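Quick notes on the structure that follows.
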Amino acid sequence: MITLGSNLENVKAIQGPQNQNPAKGVVPVTSTNDSKNIDILIGAQWGDEGKGKWVDILSEKSDLIVRYQGGNNAGHTIYVNGEKKVLHLLPSGVFRNKACMIGAGVVVNPVVLQEELKNACSSGFEAKNLWVSGRAHLITPWHIHLDQEFEGRRDKPIGTTKRGIGPTYSDRARRIGLRASFCKSPERMATWKKQMSMLEPKFSDFLETNSEEWKAFDKACTQIAKQVCDAEARLRKWAVAGKSILIEGAQGALLDVDHGSYPFVTSSNTIAGGACASLGISPRWIRDIYGIAKAYATRVGEGPFPTELNDASGKHLADVGHEKGATTGRPRRCGWLDLVALKYAVDVCGINKLIINKLDVLSGLDTLKICTSYKKSADNDASPWMEACEAEPNYHELSGWKKLSEKPNIATADDFSDETRSYLAYIEKFLDQKIDRIGFGVDRSSFV
Ligand code: GDP
Ligand code: IMO
Ligand code: MG
């Protein structure tokens, strides 16, 4: 008779020790491995919270940085030695030349990726450090065309970035998508085009009349083919080997296709839970979930935004915060911090490390408001985002501050002015959670 426990020991003995060098590719991954070195960082509002900057900061201690969803609808800004860099597809660890991965749940425009990779390499990144999942889906000129056409025909446009995101995810779900692994095989690529011509009546015409775009697409596919691999298998091996892994979200929790303000959302799962499904890893492996919120709120594109401001305070936030889209250049809508929405994001994502960012932008406003409930919402505790379209906020007012601190250098949160500390304490009390870190400037060092 075999007892279960001894059988497991036997299996482990056959598979070898747990902590071998992952580069050798021999670390066994079993359901019994218990990695706890993976953190997820997500936006806790409608995107543009400062994820790029914070991934850059936190990735100093990481071995691998991973994008798990979205595509080049994202625009993540990082300042490296005073120089501004904007990334749309590459994880924000490239400027530290860390291993970087684009996972299965990402939609990849090969032309954009090729260009971005070239630029990153000219800043010292080594292309061999980029792993692109063969399971990721490719955005083609056809998908970009569909996105533009759909937006034009909708009676209420979403205000998409027109980067082909929705149609690419849609083809994935329809099981007619083009996976990155196809980059390695011109034959499979040709078969895909043939199939599309049969399934989509206008595809053949589009292929013919946009031959230059397709040529550029095909060329980029060939160029990125070297990076395409079974990235998820490598990720699991690194996790089991105890490597430190940081997963970088794009967009924000309130743009989640299931849990955001549908239909004014993006087409992927932006919440933290989406990371495990998109990357093929166990939820048991996640350690911390960082959620980033601005000290106020912004939104690009259409959709509900209860605390939106169209007055002098809104102009202050837009001007001082330089609130212009990093991808499309569109002005971002600005408003007061919405704690009902933020609490929802904290709950839905299980955020245990809350970061409040861009606190400096509030300096100079006499009075600050924070939304604490909605007037018309029937149930502020349930999922207010299901019914927030008409929501009118109830506000709590606090005194503003002229300067964040009287001290020349802010070394701890205690250095902030009394008013600043009261603002932060109010957020902590409402969310019943300590703020983990606070950002107050664009560069790598402006945080406590
Ligand atoms: P992401 O999409 O979440 O990475 O954010 P974006 O890069 O789209 O937008 C954030 C913008 O705010 C960028 O221009 C950043 O340089 C800037 N930023 C980030 N953190 C701070 C901060 O603490 N203070 C100020 N004033 N700007 C910041
Ligand atoms: P990062 O990662 C802010 C918004 C668009 C639009 C909606 C759907 O920089 O925070 P899509 O092109 O995804 O189909 O557009 O989502 N959106 C973003 N807003 N930041 C982003 O990314 C966004 N990515 C998409 O403006 O309202
Ligand atoms: Mg952005």
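The values are calculated or read from the model by the stated rules, or taken from the named source; none is laboratory data. Just so it is clear, the model here is predicted, and its values are computed rather than measured. So basically every Cβ, Gly included, is an ideal-geometry build from the backbone, and we count neighbours across all protein chains shown. Please note that ligands, DNA and RNA were not included when accessible areas were found on the heavy atoms of the full protein model with its side chains. Shrake-Rupley method; radii C 1.70, N 1.55, O 1.52, S 1.80 Å.
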- request: State which residue is nearest to ligand 3 (Cβ to nearest atom) when the search covers only segment 76-108 and only residues that are open to solvent by 10 Å² or more (accessible area, probe 1.4 Å) and in a loop (DSSP other than H, G, I, E, B).
  value: HIS88
- line: Note: among ALA326, ALA277, just one is assigned to a helix (DSSP H, G or I), touching a residue at least 40 places away in the same chain (Cβ under 8 Å) and under 30 Å from ASP171 (Cβ atoms), namely ALA277
- prompt: Can you spot a residue in segment 99-106 that is modelled with pLDDT of 95 or more, over 16 Å from the mean Cα position of the chain (by Cα) and under 18 Å from LYS226 (Cα atoms)?
  reply: yes
query: Take the residues of segment 279-292 that are out of contact with any Gly (no Cβ under 8 Å at 6 or more places or on another chain) and among the aliphatic types (A, V, I, L, M): which is nearest to ILE42 (Cα to Cα)?
result: ILE286
- prompt: So which of ALA241, ALA220, ALA253 ends up being aliphatic (A, V, I, L, M) and touching a Leu at 6+ places or on another chain (Cβ under 8 Å)?
  reply: ALA220
message: Cβ-Cβ under 6 Å, sequence separation 6+ or interchain: first residue in segment 427-448 and away from ligand 3 (no atom under 16 Å from the Cβ), partner part of a loop (DSSP other than H, G, I, E, B) and modelled with pLDDT under 95. Which pairs?
response: PHE440/SER446
field: Search result, residues across segment 166-217 that are polar (S, T, N, Q) and closer than 24 Å to THR266 by Cα
entry: THR168, SER170
field: Pairs where the first residue, in segment 295-309, is without any contact (Cβ under 8 Å) to a residue 40 or more places away in the chain and the second is outside any loop (DSSP other than H, G, I, E, B), C-beta under 8 Å, 6+ apart
entry: GLU308/ARG299; GLU308/GLY314; GLU308/ARG333; GLU308/CYS334; GLU308/GLY335; LEU309/LEU317; LEU309/CYS334; LEU309/GLY335
- line: Flagged pairs (Cβ under 7 angstrom, 6 or more apart or on separate chains; first in segment 40-56, farther than 20 Å from LEU337 by Cβ; second charged (D, E, K, R) and not in a helix (DSSP H, G or I)) are VAL55/GLU248; ASP56/ARG444
task: Go through (1) outside any loop (DSSP other than H, G, I, E, B); (2) crowded, with 20+ Cβ neighbours inside 10 Å; (3) over 17 Å from the mean Cα position of the chain (by Cα) and name the single condition CYS121 misses.
output: (2)
- request: Test ALA293 against the criterion of being within 14 Å of ligand 1 (Cβ to nearest atom), open to solvent by less than 40 Å² (accessible area, probe 1.4 Å) and within 27 Å of CYS276 (Cα to Cα), and give yes or no.
  value: yes
- prompt: When residues of segment 60-75 are filtered for being within 16 Å of the chain's Cα centre (by Cα) and more than 15 Å from ligand 3 (Cβ to nearest atom), how many remain?
  reply: 4
- prompt: Out of all the residues in segment 254-281, which are in contact with a strand residue (DSSP E or B) (Cβ under 6 Å, 6 or more places away or on another chain) and more than 9 Å from ligand 2 (Cβ to nearest atom)?
  reply: ALA272, ALA275
query: GLY329: more than 22 Å from CYS371 (Cα to Cα) and either buried (at least 22 other Cβ atoms within 10 Å of the Cβ) or more than 16 Å from ligand 1 (Cβ to nearest atom) (or both), yes or no?
result: no
message: Take residues that are loosely packed, with under 15 Cβ neighbours inside 10 Å and modelled with pLDDT of 95 or more and tell me which of the helices (runs of 4 or more DSSP H) falling wholly in segment 178-257 contain 3 or more.
response: 186-199, 203-209, 211-224
field: ARG163 being outside any helix (DSSP H, G or I) and without any contact (Cβ under 8 Å) to a residue 24 or more places away in the chain
entry: no
task: Mind listing whichever residues of segment 348-372 are closer than 13 Å to GLY43 by Cα, away from ligand 1 (no atom under 14 Å from the Cβ) and either touching a Ser or Thr at 6+ places or on another chain (Cβ under 8 Å) or among the aliphatic types (A, V, I, L, M) (or both)?
output: VAL348, ILE351, LEU354
message: If ALA23 satisfies all but one of (1) at pLDDT 70 or above; (2) closer than 21 Å to LYS237 by Cα; (3) not in a loop (DSSP other than H, G, I, E, B), what's the number of the condition it fails?
response: (1)
query: Looking only at segment 275-290, which residues are over 30 Å from LYS369 (Cα atoms) and buried (at least 24 other Cβ atoms within 10 Å of the Cβ)?
result: ALA275, SER278, LEU279
field: segment 369-392, subset at pLDDT 65 or above and in contact with an Asp or Glu (Cβ under 7 Å, 6 or more places away or on another chain), residue most open to solvent (accessible area, probe 1.4 Å)
entry: LYS376
Checking PRO304 against (1) of a type outside the set (Lys, Arg); (2) crowded, with 22+ Cβ neighbours inside 10 Å; (3) part of a loop (DSSP other than H, G, I, E, B), the condition it does not meet: (2)
task: Please go through segment 308-325 and pick out each residue that is within 16 Å of ligand 2 (Cβ to nearest atom) and closer than 18 Å to ILE370 by Cα.
output: GLU308, LEU317, ALA318, GLY321
